[in-house]
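The values are calculated or read from the model by the stated rules, or taken from the named source; none is laboratory data. Bear in mind the structure is a predicted one, so any value in this text is a computation, not a measurement. Backbone-built Cβ (ideal geometry, glycine too); neighbour counts: all protein chains shown. These accessible areas exclude ligands, DNA and RNA; they are computed on the full protein's heavy atoms, side chains included. Shrake-Rupley method; radii C 1.70, N 1.55, O 1.52, S 1.80 Å.
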Amino acid sequence: MPRTAFAGTGFYVPDRVVKNDELTQYMDTSDEWIIERTGIQERRWVTDGMTSAEMACRASKMAISAAGIEPGEIDAIVLGTLSPDVFFPGTGVFLQRDLGLEGIPALDVRAQCSGFVYGLSVADAWIKSGQYRTILLVGVEIHSTGIDVSTRGRDLAVLFGDGAGAAVLTATDEQDRGVLSTHIHADGNHAEMLWTEAAGSKNHPRISAEDIAAGRHYPRMEGREVFKHAVKRMPEVVMEALEANDLTTNDIDLLIPHQANLRISQMVQRRLGLEDDQVVNNIQRYGNTTAATIPIALAEAVRDERLERGDLLCLVAFGSGLTWGSALVRW
Ligand code: COA
C-alpha cells in the first residue's frame with residue numbers, strides 16, 4: 001500500500017500587519033492584555049481585493065514549486081476553510097480555476113480549526129487506497145472581514161488573523177516515511193460554543209436587520225469553555241496517535257499544534273513533557289488563522305530547517321464544532 005508523503009509546503013499571509021496597538025483604536029483593549037492572555041503581538045489582515053482563493057493560490061504555487069512538480073500533476077484538491085469567499089460554491093473550485101486544473105475534484109472541508117488535519121485524513125485515505133497519487137491540501141482563512149472590531153467583539157477580534165498554507169501530498173512506496181496515521185473527532189453537543197449563527201439557512205430569512213443589530217453575523221465564543229476543552233482534547237488525541245503506533249512522547253521530534261492561544265499551546269506542551277524547541281509557535285505574528293495555522297507553521301518549520309528526514313512530526317488541532325484531531329508523520 002502506498003504511503004502519503006509531504007512533497008512540498010507553502011504559505012501566504014497578507015502584507016498588512018495589524019499590531020495590538022492598532023486594535024486599541026477600535027475597541028477597549030490593550031497590548032498588555034492581549035499578549036498576557038493570548039501571546040499574540042500582531043496579525044495580518046487582507047486589504048480590499050484579496051480573496052481567500054487568491055491567498056490559497058499563492059500558498060499553493062509555493063508548495064507546488066517546492067515539490068518540484070507541475071500543477072497538472074495534481075489529481076485532487078482538498079481545502080479547509082470556515083470563511084469561504086461566498087456562501088457557495090466552496091473556495092476549492094475557485095482555487096482549482098486559478099490554478100488551471102479544470103476537471104479534477106475540489107473538496108471543501110468544514111471542520112474549522114481542525115480543517116487541515118481533517119483534510120489530511122481524507123487525502124491520506126485517498127492516497128492509500130490508490131484513488132489519487134498527488135493531492136493539494138490547503139487551509140485558508142479571511143477573518144478580518146467577519147469580526148466585530150468594536151468593544152462588544154473584543155474577546156474574539158483580537159485572536160484572529162488572515163492567511164493561507166498549503167502542502168503537496170504524494171504517494172510514495174517508501175515504507176519508512178510518510179503519514180503514519182490520522183485521528184479525527186467531533187462533539188456536536190458544543191456546536192454553539194464557538195459559532196456564527198447568521199447568515200444561515202435555518203433562519204427565515206437567512207439574515208435579518210435584527211440579526212445584524214444583535215451581532216449574530218459575527219462569531220461568538222464561550223472563551224473559557226473552549227480553552228478547557230482545547231487543553232484536554234489536544235494532549236488526549238496526541239496520546240491516541242502515539243499509542244496507535246506503539247510510540248511515546250519521547251519519540252516526538254516536532255509538534256505543530258493549532259495556533260489558538262499561546263497559553264493553550266504551552267499547556268499542551270507541558271502535558272506532553274516537550275521542550276520549547278520541540279514545539280512550533282508562530283501565533284505571536286499571525287494570531288489564529290484557523291484552518292491555515294498548521295500548514296503555515298509547517299511551511300515555516302520546513303523553511304527554517306526544523307525537520308530532518310526520519311523525524312517524527314506530530315500535528316494536533318482543535319476547534320469549533322467541536323472538532324479535534326492529530327496526525328503522525330515520519331518526515
Ligand atoms: N481586551 C481587554 N479585555 C478583554 C478582552 C480584550 N480583547 N476580551 C475580554 N476581555 C475582558 C472580559 O470582558 C473580562 O472582563 P470582566 O472580568 O470585567 O468581565 C476579562 O477580560 C476576562 O475575560 P475572560 O474571558 O475570563 O478572559 P480569559 O482569560 O478567559 O481570556 C480568551 C479570554 C478569549 C483569550 C481565552 O478565553 C481563550 O483564549 N479562549 C480560547 C479561545 C480559542 O482558542 N478559540 C479558538 C479555538 S480554536
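Skipping prolines and chain starts, which residues have an amide H placed within reach, meaning under 5 Å, of the one on residue 279, given they are 5 or more residues away or on another chain?
The list, which skips near neighbours in sequence, is 255.
For the range 3-172, max minus min Cα coordinate along each principal axis, in Å, sorted largest first?
53, 29, 25
When only the heavy atoms of the protein chains count and the probe is 1.4 Å, how do 195, 324 rank by accessible area, highest first?
Largest to smallest exposure gives the sequence 195, 324.
If you plug each phi of the range 111-118 into the Karplus form 6.51 cos²θ - 1.76 cosθ + 1.60 with θ = phi - 60°, what whole-Hz ³J(HN,Hα) values come out, in order, with x for Gly and Pro?
Whole-Hz 3J(HN,Hα) from phi for the range 111-118: 10, 6, 5, 8, x, 5, 6, 4.
Bin all alpha-carbon pair distances of the range 178-330 at 10 Å intervals from 0 and give each bin's fraction as a whole percent.
Per 10 Å bin, starting at zero, the Cα-Cα P(r) for the range 178-330 comes out as 11, 37, 30, 14, 7, 1 percent.
Considering only DSSP beta bridges with both partners in the range 3-172, what is the antiparallel share in %, to the nearest 5? Working shown, then result.
Details: 20 of 29 bridges.
Bridges in the range 3-172 are about 70 percent antiparallel.
Pick from 260, 214, 56 the residue whose mean-square fluctuation is largest in a GNM of the chain, springs joining Cα atoms under 10 Å.
214
Could you give the nm distance between label points at residue 73 and residue 222, where each point is 7 Å from its Cα heading toward the beta carbon?
4.9 nm
Pulled fully out, how much extra length does the chain show between residue 189 and residue 243, if you take 0.36 nm times their separation in residues and subtract their Cα-Cα distance?
Full extension from residue 189 to residue 243 adds 16.8 nm.
Strictly greater than 19 Å: what percent of every Cα pair in the range 234-290 meets that?
The calculated P(r) of the range 234-290 puts 27 percent of pairs beyond 19 Å.
Using a 10 angstrom cutoff on alpha carbons, build the Gaussian network for the chain and name the most mobile of 136, 82, 107.
Taking springs between Cα atoms under 10 Å, the residue moving most is 107.
Need one number: nm distance between label points at residue 22 and residue 35, each 7 Å from Cα along Cα→Cβ, rounded to one decimal.
1.8 nm
Can you tell which of 77, 296, 34 shows the greatest fluctuation in a Gaussian network model of the chain with Cα springs below 10 Å?
It is 34.
So with the 1.4 Å probe, I'd like the accessible area per residue for the range 3-172, rounded to whole Å².
39 Å²
Can you pull the percent of the chain's accessible area that's carbon plus sulfur, 1.4 Å probe, other chains left in place?
The computed percentage sits at 47.
P(r) tail for the range 88-235, what percent of Cα pairs lie past 25 Å?
Details: 4764 of 10878 pairs.
It works out to 44 percent of all Cα pairs.
Tell me the per residue accessible area of the range 178-330 using a 1.4 Å probe; a whole number in Å² is fine.
43 Å²
Kirkwood Rh over Cα pairs of the chain into Stokes-Einstein at 4 °C, 1.567 mPa s: D in µm²/s?
Here the translational diffusion coefficient equals 66 µm²/s.
From the phi of every residue in the range 244-251, what ³J(HN,Hα) in whole Hz does the Karplus formula 6.51 cos²θ - 1.76 cosθ + 1.60 yield, where θ is phi - 60° and glycine or proline is x?
For the range 244-251, the Karplus-derived couplings read 5, 10, 6, 10, 10, 4, 5, 7 Hz, x marking Gly and Pro.
Could you list which residues have their amide H under 5 Å from that of residue 160, counting only those 5 or more apart in sequence or on another chain, with H placed in the peptide plane?
Here 288 satisfy the definition.
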